[in-house]
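> So that we are looking at the same thing, I have put the structure below in structure tokens.
Every read-out reported here was derived from the displayed coordinates using simple, explicitly stated rules and does not represent laboratory data. As the structure is a computational prediction, the values presented were derived from the model and not from experiment. When we count neighbours, we look across all protein chains shown, and the Cβ atoms used for this are built from the backbone with ideal geometry, even at glycine.
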Amino acid sequence: MARVLAFWLGACLGSFINVIAYRVPREESIVFPGSRCPRCGKPIAPYDNVPVLSWLWLRGRCRGCGKGISPRYPAVEALTAVLSLALWLRWEDQPLWALLSVLASAALLAISLIDWDTGFIPDILSFGLIAAGILSAPVNPLLAATTWFGAVSSSLLGAAAGFVICWLTAEAGKRIFGKEAMGMGDVILLCGIGAWTGGVGAYDSLLIGSFLGAVYGVGRVARGSLRMSDPVPFGPFLAAGAVFCFFCLLPLGFPFIPIR
């Protein structure tokens, strides 16, 4: 029953992520007014706002105007549902941490969608991630601390490490390529990731994110749909690395140091 609930609540959380991703860049309230069609603005009835199922029932169209609604909405809901269930299964013996890791992952997904759409990461979300990570530190098993003071200290050091290694990487990229490799939004985001996963997690997230970003960029350049000079949002790849860390931390120095 708990697993079914984790899946369904994850889908509902995904619906809220869609609201955040749409409204925050437009500086609109995420609470009022209620959900409405992005095309005609007509309020969406509760029975038409059931995650995934309503979109399928309506065949991806608004009941009011009949215009299409992006399949990204149910995709985000389904992804969040699966991710929530996976995190619950990973941390089932620590339910509070399981819940917190789901909420952190949801925030990272919202940040990813906004960065992908706009090339901009709102500071309010990144700083909120930092604050929540520090407050959650006493129940965070990734920090491997035995006291609340040690956990908070590890979280603060992780945030500092994330800031430093991302800033140094950004500066190195600027000097090597002669242009901005990462923006300050990415730096603050990795700071927030470090608050949740510690210094090792910040390193892992940058490593994994760089690999995923390189694969994506090279693939698109090879297909001719992207030029080498075109910017690519890095936030989604950092966030993907952070979510990986919620399941497993790689050893500092990976891949030169093997996983035991």
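> Pick from PRO46, PRO236, PRO25 the residue whose mean-square fluctuation is largest in a GNM of the chain, springs joining Cα atoms under 10 Å.
Checking each option, the largest mean-square fluctuation is seen for PRO46.
> I've got another one for you. List every residue whose amide H lies under 5 Å from the amide H of ARG36, counting only residues 5 or more places away in sequence or on a different chain, with H placed 1.01 Å from N in the peptide plane.
ILE44
> Per Stokes-Einstein, at 25 °C and 0.890 mPa s, what whole-number D in µm² s⁻¹ belongs to the chain, with the Kirkwood radius over Cα pairs as the hydrodynamic radius?
126 µm²/s
> Could you work out how far apart the two model spin labels at LEU156 and TRP116 are, taking each label as a point 7 Å from the Cα in the direction of the beta carbon, and quote it in nm?
About 3.6 nm separates the two model spin labels.
> For the chain, give me every cysteine whose Cβ has no other Cys Cβ within less than 4.7 Å, ordered by residue number.
CYS12, CYS166, CYS191, CYS245, CYS248
> A further question follows. Compare the peptides 157-164, 219-226 by average per-residue count of other Cβ atoms within 10 angstrom and give them in order, highest first.
Packing proxy ranking, top to bottom: 157-164, 219-226.
> Taking neighbour counts of Cβ atoms within 10 Å as a proxy for exposure, in what order, fewest first, do VAL218, VAL102 appear?
Least crowded to most crowded, the residues run VAL218, VAL102.
> Something else about it: Please give the charge dipole size of region 1-83, origin at the Cα centre, charges +1 on K and R Cβ atoms and -1 on D and E Cβ atoms. Round to the nearest 20 debye.
The calculated dipole for region 1-83 is roughly 320 debye.
> Just want the answer: with Cβ charges of +1 for Lys and Arg and -1 for Asp and Glu, which residue in GLY119, LEU156, LEU207 is farthest toward the dipole's positive end in the chain?
Among GLY119, LEU156, LEU207, the one farthest towards the positive end of the dipole of the chain is GLY119.
> Given the Cα-Cα distance of MET184 and VAL82 and 0.36 nm per residue of separation, how much length would full extension add, in nm?
Gain in length upon complete extension: 33.6 nm.
> What distance in nm separates the two pseudo spin-label positions at PHE149 and ARG90, each 7 Å out from Cα along the beta-carbon direction?
In this crude label model, PHE149 to ARG90 measures out at 3.1 nm.
> Would you please state the base-10 log of I(q)/I(0) at q = 0.13, 0.17 1/Å for region 42-182, with intensities from the Debye formula using one equal scatterer on every alpha carbon?
Values, matching the q order: -0.81, -1.07.
> Tell me the relative contact order for the chain as a rounded percent, counting alpha carbon contacts under 8 Å between residues six or more apart.
Computed value for the chain: 17 percent relative contact order.
> Relative contact order of region 36-147, please, whole-number percent, based on alpha carbon pairs below 8 angstrom and at least 6 residues apart.
Relative contact order, region 36-147: 14 percent.
> Work out from phi, with θ = phi - 60° and the Karplus expression 6.51 cos²θ - 1.76 cosθ + 1.60, the ³J(HN,Hα) of each residue of region 20-31, listed in order in whole Hz, and give x for Gly and Pro.
For region 20-31, the Karplus-derived couplings read 4, 5, 7, 8, 4, x, 8, 6, 9, 5, 8, 10 Hz, x marking Gly and Pro.
> So what is the 222 nm mean residue ellipticity for the chain from helices alone, if each DSSP H run of at least 4 adds -39500 (n - 2.57) and you divide by all residues, rounding to the nearest 500 deg cm²/dmol?
Result for the chain: -22000 deg cm²/dmol, rounded to the nearest 500.
> Here's a follow-up. I want to verify a result. In a Gaussian network model of the chain, Cα cutoff 10 Å, which of these has the top mean-square fluctuation: PHE246, PHE149, PHE127?
PHE149
> To the nearest 20 debye, what charge dipole does the chain have about its Cα centre, counting +1 at the Cβ of each Lys and Arg and -1 at the Cβ of each Asp and Glu?
The dipole of the chain has a size of about 920 debye.
> Can you give me the distance in nm between label points at VAL215 and GLU171, each placed 7 Å from the Cα along the Cα-to-Cβ direction?
My value for the distance between the label points is 3.1 nm.
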